[in-house]
Every structure is written in C-alpha cells, then in structure tokens.
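Chemist: Dropping a structure here in structure tokens format, bear with me for questions.
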Amino acid sequence: MGTGENNNSSRHGNLWYEAWLRFRRNRLAMVGLIMVISVILIAIFAPYIAPYDPLKQLIWTEGKAIKLAPPSSSHIMGTDFYGRDVLSRIIFGARISLQIGIFATIVSLLIGVPLGALAGYFPGWVDDLISWLINVVFAFPFILFVLAVVAVFKNPSMIVIYLAIGLVTWVQIARVVRAQFISLREREFVEAARALGLPTWRIIFIHILPNALAPVIVQATLGMGSIIMIEAGLAFLGFGAQPPTPSWGLMISIGQKFLATGHWWWAIFPGLAIMYTVLAFNFLGDGLRDALDVRLKR
Amino acid sequence: MLSYIIRRLLYTIPVIWGVVTVVFLLMAVVPGDPARIMMGQRGDPETLARIRSDLGLDLPIHQQYFRFLKEVAKGDLGTSYRTNQKVSHAIVERFPATFRLAFWAMIFASAIGVTAGILSAVKQYSFFDYSAMFFAIAGVSAPVFWVGLILLFIFAYNLNVIPGVGYGEGSVLYLILPVITLGVRPAALIARLTRSCMLEVLNQDYIRTARAKGLGEKTVILKHALKNAMIPVITIIGTQLSALLSGAVLTETIFAWPGIGRLAVEALVARDFPMIRGTVIFMALIFLVANIVVDISYGFIDPRVRYS
C-alpha cells in the first residue's frame, strides 16, 4: 500500500483475513465460491471434460439417427439438429460466458473506477458532470442500449460486445466508487496526505482507492452475473456470439425452434447452465458483501 | 413539496438532452448511407440525393444535430426507413400492449411476492420459507426468455391449455404466459425484500407492544407490521415497473407480443435507425418519468420523508 499507510498496513492485512473468516462461516457464500470455481475449472479444462467435439456434426459419421437424439447414456443431454453433443457444447459454452463476463467487467472497471473516483473526490462541476453522465446512461434500457451499440457494427466481433456491455455497466461501478470517495475524502488520513502536499492523483489512487476496494469487488462480482445474463439475451436475439459458437444464449435461441416439436433438451439445458453460473456469482457476491461488511444500494 | 417536484422535473431536462445526444452520436457513427438503406438497390443518384437533402444528411454534422434536437423537442422522431410510418405514430400504436403486459406482470409479481414474503417471515426457517426463498433465488438467476420458453413448452405445446404466442386480439388467455414470464423476476425480488423487511419490523418494540396488549396475531401482522414493512417494498415495485416497461424486450420477442420492445428489436434487425433512435429515446423517457413518480410517492407513503 501507499507510504502514508505504513503504520496500519498490518492491521489492513488483518481486515482481509477477518473478512475471510466471516466468509468461511457463511454457508451460502462458500457454496457460491465452490460453484464459481467449478465453472472456471470447467471452462479451463473443457477439452478434457467434454465427451465430444462441440463443433463436430455427428450426423456425418453416425447417420441420421443421431440428429436431435433425446438424452441417452451416450449423449447425456441429447444432441442438436446437426448431431452435435449438447453437453459438450454447454461445457465449451462456459468459456464464452466467462470470457465475456471477465472482459466486460474489466471494461466497466476501467471506465467506472476513475470516473467514480473523480466524481467523489471533486465536489462541484466535476461531480455534477459525471453524475449527469451516470444518470444519462442509467436512463437507457440496458439491453436495448447494448443492442443499439452492437447494431452499429455490421459484423460485431466479441470485442465490440465486451465494449458495448462495459459501456453500460460501468455506471454501477462508478456509483459505488463515488459514494465511497465522498465518505472517505474528509477522513484524517486523506487530510494528512493533503497536508503533506502529495499530488492529487496520488491521494486519489494510492491513498483513497485501496480503502474503497471492498464495495467495488462486491459490485463487480454481482455484476458478473448480470453481464452473463445480458450476453445470453444478446445471443438469444441474434446479436451476440454467432453460430457455430457454443454460446448458451445462442443455443437456446436456435433450440427454441424445436420446442414445439418436443425436442426440449436443446433449449432447456443451456438455460440451466446460465442459471447455475448466475446463481454462483450472486451467492459469491452476497457472501462477499456480508463478509466485507459493505452496504450497497441495489 | 411543489418546489421539489419542479426541481426534479427541471433536472430531468439535461438528462433527456444527454440521452438524445448519445443516441444521435451513436447513430451518426453508423457506417453506410441511410438513403441507400431506404431505397435498397433501386435508387438512382437523383432520388438518393433528394432523400439525403430531405433527411438533412447533406448538412454538416453539427447542423444535423441541431435539426435533430429541434425535431425531438417537437415530438417528431422521424420516419421509419422500413415502413415509412412516422416513428412517433408507431410508438403510440405499440405502447398500450407493452403497458398492459407490464402492468399485469407487476400486479402478478406484487401479489405473489408480498404474500410469499409475509408467509416466509412469519414462518421463518419453516419448509415453506426455505422453498419460497429457493424459488426466489432461482427466479432472479434464470434468464427471462428461458423461463418463457419453458412455460410455452409446458402449457402451450404439451398441455395445450394455452393457445400459444401472439396478441390474440387482446384475449386474456394470450396474456397469461407473458405476464408470468415477465413477472417472475420482480416477484422474486419483492418476495425477498418483503421477507427481510417483515423480519426487521417484527422485532420492533411497537410490535411487542401490540402483542402485549392482546391483539390477535393476524391484526399484528397485517395491520401493524405490514404497513411499515411495505415502505421499501413499494419503492421496489415502482422501480421494477419502470424496468418492466422498458425491459419487456425479450418477453415480447418470445411471445410475439406487439409492444415497444418487439418494435425495437424488429428495428434493430432491419437496421431501421430512426425507429431504433425513437424507441430508445421513448423508453428512456418512460424510465425517467416513472422514477420521478416513485420519488414523489415516497412522501405520501412514508410521512417521515421530507423533501428539501
């Protein structure tokens, strides 16, 4: 941490340790942590776990019978119209969801943290301007705004999707950071830093920001869940990942056409995967909030 | 109070201006020539030039911007590239369906959410409590469109009790599934919030007093506790209603519901930019108005709130 905090750096370490002790006692939080780790492991080791190649159309090798085959012992979650193994596609889909969750969160942190910090540290026109911007973005219907940004590009790449989601979700981070800065900026350690004549950027980023981290971590974790949900919605509407990417939302989108004919497995199982992942991040986020003792307005 | 309302309304003006500007900038960076999109491959150079000058596309960008601002201020959101219909007319035509859907979804969500929340709090740690909270957590984590598809699969395709998707000329039967789909998430949020607010209130001294003076448990819970527990719940009902109005995009798409959300998605698919602009601006406006109404209604619900 910063030079001005050497005197309490050991206590600082203890705070995180105490939070971990509180976190460990919280059963739901631990469940969330284990669930999140399981999704991460599935994503990393997808090629070793998946029973089949997610893109391989088995109808070419195994014949027409494999097309839209219901769940069985060889295909636990059945196969899709092209004879692809649904379970294998779901396993690889974890990569897409996590990738979007992580990169879009990074974008939203890169925008939200500095803007929130500036708004919270400088009352007056800086705060007015940034708060105005936050209110403007908040007024947009989130999914529609992301759709409109994505629609600007004819063939949106994944990077466009990260950016579009990040451009909307940064406001939640910024609000949290701003509120933290407002309550911290008058504290003694900040005044001490000011009295020492330290440059403002140092005070903001090295002295105040580390103390505002806990709620940012909580918000970012909870945000992962909603980002994964937004991406699923985008893909469902045909604006996210494009075929043949094994994206969960896209699988539901294509699979739904076969619901009316009774082929439910194609659209239903990916939804369970989304639910599991979103639930995981929500449990983890709630657990972190309780452990780090943050009060957030949601 | 009145000065608060006026100030609140005045503050909305720069926010709306911001929304309109962001939408303008977004659509201004779109590659491609709108005149071409309108005419397809048919247009000869003269027609294209005429359309460009009609739309003001031959003007420098800042003049286009002021022109756009002026038109929006007059309530003119332009003309659809796709149908040649006035965007404002299309919105007025489609909005009632969205409102109807969101309104009933909110009624459904409040009824289920508040009932489940009260019962959960009163019978804390019971089987009912655990299962209600399990459903509440699941309801917040399930993708809306997926919930809708499951309902369709069960009730329309397998049990055949509901005809399927569409508006059905306003028939109630067609309203049921979309309402449930859209209402699941707010119902879950409301149930969780009602439960925690009730639990908090039930521990207060005045509840002990009410019980001590011999009031029946029903009176204590429904009259004394509920009134105070409802304040935060009513807030979330307000904010959720505005979220529903603008967030019905996915539900309307699944159920082929002729509302604003679907209008927007259709416009996006067709790259019908005036329509995209118009629907986004309109939804933002709805969101802002709904939020003002929620803020103002605090004062009526909770006498402790004072506006300054």
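Chemist: Output the residues belonging to the stretch A:193-211 that are more than 21 Å from A:Ile173 (Cα to Cα) and surrounded by fewer than 13 Cβ atoms within 10 Å (Cβ to Cβ). Break it down into steps so the answer makes sense when it comes.
Modeler: First, the residues of the stretch A:193-211 that are more than 21 Å from A:Ile173 (Cα to Cα): A:193-200.
Answer for the stretch A:193-211, where residues must be more than 21 Å from A:Ile173 (Cα to Cα) and surrounded by fewer than 13 Cβ atoms within 10 Å (Cβ to Cβ): A:Ala195, A:Leu196, A:Gly197, A:Pro199, A:Thr200.
Chemist: Within the stretch B:61-112, can you find the residues that are over 21 Å from the mean Cα position of the chain (by Cα) and among the charged types (D, E, K, R)?
Modeler: Correct list: B:Arg67, B:Lys70, B:Glu71, B:Lys74, B:Asp76, B:Arg82, B:Lys86.
Chemist: Could I ask something else about it? Report, by residue number, each residue of the stretch B:217-248 that is farther than 19 Å from B:Ser297 by Cα and open to solvent by 40 Å² or more (accessible area, probe 1.4 Å).
Modeler: Listed by number, the residues that qualify are B:Glu217, B:Lys218, B:Thr219, B:Leu222, B:Lys223, B:His224.
Chemist: For the stretch B:186-221, how many residues meet the condition of being more than 30 Å from A:Asp286 (Cα to Cα) and not basic (Lys, Arg)? It would help to see each step written out before you state the result.
Modeler: In the first step, residues of the stretch B:186-221 are kept if they are more than 30 Å from A:Asp286 (Cα to Cα); the result is B:206, B:208-220.
In the following step, the residues that additionally are not basic (Lys, Arg) were identified as B:206, B:209-210, B:212, B:214-217, B:219-220.
Here the count works out to 10.
Chemist: When you look at A:Leu163, is it within 12 Å of chain B (Cβ to nearest Cβ) and either more than 14 Å from B:Val280 (Cβ to Cβ) or crowded, with 24+ Cβ neighbours inside 10 Å (or both), yes or no? Give the derivation first.
Modeler: Working: within 12 Å of chain B (Cβ to nearest Cβ): no; either more than 14 Å from B:Val280 (Cβ to Cβ) or crowded, with 24+ Cβ neighbours inside 10 Å (or both): yes.
The answer is no for A:Leu163.
Chemist: Listed residues A:Val150, A:Val137; which is in contact with a Pro (Cβ under 6 Å, 6 or more places away or on another chain), part of a helix (DSSP H, G or I) and either among the aliphatic types (A, V, I, L, M) or more than 19 Å from A:Pro246 (Cβ to Cβ) (or both)?
Modeler: A:Val150
Chemist: Given the criterion in contact (Cβ under 8 Å) with a residue 60 or more places away in the chain and open to solvent by 30 Å² or more (accessible area, probe 1.4 Å), identify the matching residue among B:Asp272, B:Asp295, B:Asp302.
Modeler: Answer to the check: B:Asp295.
Chemist: Restrict the check to the stretch B:211-233 and report whether at least one residue is assigned to a helix (DSSP H, G or I), modelled with pLDDT of 85 or more and acidic (Asp, Glu).
Modeler: No; the residues of the stretch B:211-233 include none that is assigned to a helix (DSSP H, G or I), modelled with pLDDT of 85 or more and acidic (Asp, Glu).
Chemist: What's the total number of residues in the stretch A:96-118 that are open to solvent by less than 10 Å² (accessible area, probe 1.4 Å) and of a type in the set (A, V, I, L, M, F, W, C)?
Modeler: Of the residues in that region, 3 qualify.
Chemist: Run down A:Ile254, A:Ile268 and say which single residue is within 9 Å of chain B (Cβ to nearest Cβ), within 20 Å of A:Pro54 (Cβ to Cβ) and at pLDDT 85 or above.
Modeler: Matching residue, one of A:Ile254, A:Ile268: A:Ile268.
Chemist: For the structure I just gave you, tell me whether B:Pro258 is surrounded by fewer than 24 Cβ atoms within 10 Å (Cβ to Cβ) and in contact with an Asp or Glu (Cβ under 9 Å, 6 or more places away or on another chain).
Modeler: So B:Pro258 passes the test.
Chemist: From (1) assigned to a loop (DSSP other than H, G, I, E, B); (2) within 12 Å of chain A (Cβ to nearest Cβ); (3) in contact with a Pro (Cβ under 6 Å, 6 or more places away or on another chain), pick out the condition that doesn't hold for B:Arg271.
Modeler: Every listed condition holds for B:Arg271 apart from (3).
Chemist: Residues being more than 8 Å from chain A (Cβ to nearest Cβ), assigned to a helix (DSSP H, G or I) and in contact with a Lys or Arg (Cβ under 7 Å, 6 or more places away or on another chain): count how many of those fall in the stretch B:237-266.
Modeler: Looking only at that region, the number is 3.
Chemist: Suppose we filter A:Ala179, A:Ala212, A:Ala151 for residues that are at negative phi, modelled with pLDDT of 90 or more and of a type in the set (Gly, Ala, Ser); which single one remains?
Modeler: Being at negative phi, modelled with pLDDT of 90 or more and of a type in the set (Gly, Ala, Ser) holds for just one of A:Ala179, A:Ala212, A:Ala151, which is A:Ala179.
Chemist: From the list A:Ile274, A:Ile254, A:Ile268, exactly one residue is β-branched (Val, Ile, Thr), part of a helix (DSSP H, G or I) and buried (at least 24 other Cβ atoms within 10 Å of the Cβ). Which is it?
Modeler: Going through A:Ile274, A:Ile254, A:Ile268 in turn, the sole match is A:Ile274.
Chemist: Restricting the search to the stretch A:217-243, which residues are part of a helix (DSSP H, G or I), touching a residue at least 40 places away in the same chain (Cβ under 8 Å) and open to solvent by less than 10 Å² (accessible area, probe 1.4 Å)?
Modeler: Within the stretch A:217-243, A:Val218, A:Leu222, A:Gly225, A:Ile227, A:Ile228, A:Glu231, A:Ala232, A:Gly233, A:Leu234 meet the criteria.
Chemist: Can you find a residue in the stretch B:171-181 that is in contact with a Pro (Cβ under 6 Å, 6 or more places away or on another chain), part of a loop (DSSP other than H, G, I, E, B) and more than 13 Å from every other protein chain (Cβ to nearest Cβ)?
Modeler: There is no residue in the stretch B:171-181 that is in contact with a Pro (Cβ under 6 Å, 6 or more places away or on another chain), part of a loop (DSSP other than H, G, I, E, B) and more than 13 Å from every other protein chain (Cβ to nearest Cβ).
Chemist: Here is a further query. Quick check, is B:Ala290 in contact (Cβ under 8 Å) with a residue 24 or more places away in the chain, under 20 Å from B:Val19 (Cβ atoms), outside any loop (DSSP other than H, G, I, E, B) and open to solvent by less than 10 Å² (accessible area, probe 1.4 Å)?
Modeler: No; evaluated as a whole, the condition is false for this residue.
Chemist: Filter the stretch B:44-88 down to residues that are out of contact with any strand residue (DSSP E or B) (no Cβ under 9 Å at 6 or more places or on another chain), closer than 19 Å to B:Leu26 by Cβ and open to solvent by less than 50 Å² (accessible area, probe 1.4 Å), then give me how many there are.
Modeler: Here the count works out to 7.
Chemist: Looking at (1) in a helix (DSSP H, G or I); (2) surrounded by fewer than 19 Cβ atoms within 10 Å (Cβ to Cβ), which is the only condition B:Ile190 fails?
Modeler: B:Ile190 satisfies all of (1) in a helix (DSSP H, G or I); (2) surrounded by fewer than 19 Cβ atoms within 10 Å (Cβ to Cβ) except (2).
Chemist: If you don't mind, there's one more thing I want to ask. Name every residue in the stretch A:58-81 that is assigned to a loop (DSSP other than H, G, I, E, B), more than 18 Å from A:Gly262 (Cβ to Cβ) and of a type outside the set (A, V, I, L, M, F, W, C), in order of residue number.
Modeler: A:Gly63, A:Ser73, A:Ser74
Chemist: Can you name every residue in the stretch B:17-26 that is more than 13 Å from B:Leu77 (Cα to Cα) and at the interface with chain A (Cβ under 8 Å from one of its Cβ atoms)?
Modeler: B:Gly18, B:Val19, B:Val22, B:Leu26 - these are the residues of the stretch B:17-26 that are more than 13 Å from B:Leu77 (Cα to Cα) and at the interface with chain A (Cβ under 8 Å from one of its Cβ atoms).
The values are calculated or read from the model by the stated rules, or taken from the named source; none is laboratory data. Owing to the predicted nature of the structure, the values given are computational and were not obtained by experimental measurement. Cβ coordinates were reconstructed from backbone atoms using ideal geometry, including for glycine residues, and neighbour counts include every protein chain displayed. The accessibility values were calculated without ligands, DNA or RNA, using every heavy atom of the protein model including side chains. Shrake-Rupley method; radii C 1.70, N 1.55, O 1.52, S 1.80 Å.
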